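**Q** Please find one structure pasted underneath; my questions will follow.
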Amino acid sequence: MKKFIALFLVAVSSLAAARDIVTIVFAFGPGDNMATYNRALAEEANRIQSEYHFIFDTRPGAGSSIAARYVENNPNTILATSSAHFVRPVFYPRDSHRVEDFRSILPQCDAPMAVASIRYRAWSEVPRNLPLNIGITGLGAVSHLVATQIVAKYPNIQLIPFKSPSESILALLSGQLDFNIGFAAEMQQFKDSGKLTIIGVTGNSSAYPALADAGFSEILRNMNNPQHLAVPITTAREKFQQWRNILYRASKSKSVRDRYAIDECVPLDDMATDQLDSWYQGQITRWGKLGATVKLER
């Protein structure tokens, strides 16, 4: 019996070793809410098939460019990122990845960005004659783009970049920041406990006041932040299709959808495979146009 068990364990171990490992590389911090999407996605992908073993890793920094370059230079990797993937190269083309070198494999969901403060409960309370600051998730990220619209109305506010939303939230809660831009769900628990106030969001949320309704630019209605997976264009077609089929099925699971819902992140993954390239090109155009309307504070 012991011999049988030993042989069985060897067989199982050999089977696991035979599975190709694919790493989902998240472009921000491991403690960020959006990281949970991809952990859940990897777990579900492993549950529903046995050809590939998906694992989760992070490479934060430089508005997703560090992760993008890592994925370009390492086989069997998939980039998990946000619209920062499209925004960063608009403003820092020499120091960023090339969006043309990637293609979409799974659009995930679209979430509003929120501005929070521990000192102010409404924009009417914010002084215009005192030096203030606002935390953003790196230079060239969507939070940076949103912040430029805040600064256009309040030029006394200085931008402070961080590597991830979780880092900037902690800085806000510790009193180092006057404002922070991140995802509403990541700040919800602190709002519920009275530690901060969400004073505006992008898009048109029913739960929070829209920034565009508070006298800021109307372009903020179009600055919700899509989360998505991308791969290098050099990825073999057969492998792309296999990964795509697995991840698409995994994205429909309750565990993944529940994590989207926590962030008010509206699913985007219902599009067909032949629509992926047009969606990706549309994002390049969309964020390029939005970037062209903004005078970026460097």
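**Q** Among the helices (runs of 4 or more DSSP H) confined wholly to segment 192-298, which include 3 or more residues that are at pLDDT 95 or above and in contact with a strand residue (DSSP E or B) (Cβ under 9 Å, 6 or more places away or on another chain)? Full working, then the answer.
**A** Numbers: elements: 237-251, 254-262, 276-292.
Correct list: 237-251, 276-292.
**Q** Determine the pairs where a residue that is closer than 20 Å to Pro226 by Cβ and touching a residue at least 12 places away in the same chain (Cβ under 8 Å), located within segment 119-143, has a partner that is of a type outside the set (Val, Ile, Thr) and exposed (fewer than 11 other Cβ atoms within 10 Å of the Cβ) with Cβ atoms under 9 Å apart, the partner being 6 or more residues away or on another chain.
**A** Matching pairs, first to second residue: Leu139/Arg298.
**Q** Hey, does segment 91-109 have a residue that's part of a loop (DSSP other than H, G, I, E, B), closer than 22 Å to Pro165 by Cα and in contact with a Phe, Trp or Tyr (Cβ under 8 Å, 6 or more places away or on another chain)? Spell out the reasoning first.
**A** Restricting attention to segment 91-109, the residues satisfying the condition of being part of a loop (DSSP other than H, G, I, E, B) are 92, 96-98.
Okay, now just the ones that are also closer than 22 Å to Pro165 by Cα, so 92, 96-97.
In the following step, the residues that additionally are in contact with a Phe, Trp or Tyr (Cβ under 8 Å, 6 or more places away or on another chain) were identified as none.
Checked segment 91-109: no residue is part of a loop (DSSP other than H, G, I, E, B), closer than 22 Å to Pro165 by Cα and in contact with a Phe, Trp or Tyr (Cβ under 8 Å, 6 or more places away or on another chain).
**Q** Hey, can you tell me all the residues within segment 17-50 that are at pLDDT below 90, touching a Lys or Arg at 6+ places or on another chain (Cβ under 9 Å) and outside any helix (DSSP H, G or I)?
**A** Gly29
Residue-wise test of (1) over 26 Å from Ile262 (Cβ atoms); (2) buried (at least 21 other Cβ atoms within 10 Å of the Cβ); (3) at pLDDT 95 or above.
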| residue | (1), (2), (3) |
| --- | --- |
| Ser117 | no, yes, yes |
| Leu139 | yes, no, no |
| Val142 | no, yes, no |
| Thr148 | yes, no, no |
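**Q** With respect to Pro165, is the statement that it is surrounded by 23 or more Cβ atoms within 10 Å (Cβ to Cβ) and touching a Gly at 6+ places or on another chain (Cβ under 7 Å) true? Lay out the reasoning, then the answer.
**A** Details: surrounded by 23 or more Cβ atoms within 10 Å (Cβ to Cβ): yes; touching a Gly at 6+ places or on another chain (Cβ under 7 Å): yes.
So Pro165 fits the description; yes.
**Q** When segment 63-100 is examined, which residues are found to be of a type in the set (Val, Ile, Thr) and in contact with a Pro (Cβ under 8 Å, 6 or more places away or on another chain)?
**A** We begin by selecting, within segment 63-100, every residue of a type in the set (Val, Ile, Thr); these are 66, 71, 77-78, 81, 87, 90, 99.
Ile66, Val71, Val99, listed by residue number.
**Q** Please pick out the residue among Ser14, Ser64 that is among the polar types (S, T, N, Q), modelled with pLDDT under 95 and surrounded by 22 or more Cβ atoms within 10 Å (Cβ to Cβ). Full working, then the answer.
**A** On the way: Ser14 fails: surrounded by 22 or more Cβ atoms within 10 Å (Cβ to Cβ).
One residue alone meets the criteria, Ser64.
**Q** If you don't mind, another one. If I filter segment 240-256 for residues that are surrounded by 19 or more Cβ atoms within 10 Å (Cβ to Cβ), over 26 Å from His53 (Cα atoms), in contact with a helix residue (DSSP H, G or I) (Cβ under 8 Å, 6 or more places away or on another chain) and not charged (D, E, K, R), do I get at least one hit?
**A** no
The values are calculated or read from the model by the stated rules, or taken from the named source; none is laboratory data. This is a predicted model, so every value here is computed, not measured. Every residue, glycine among them, receives a Cβ derived from its backbone with ideal geometry; neighbour counts consider all protein chains shown.
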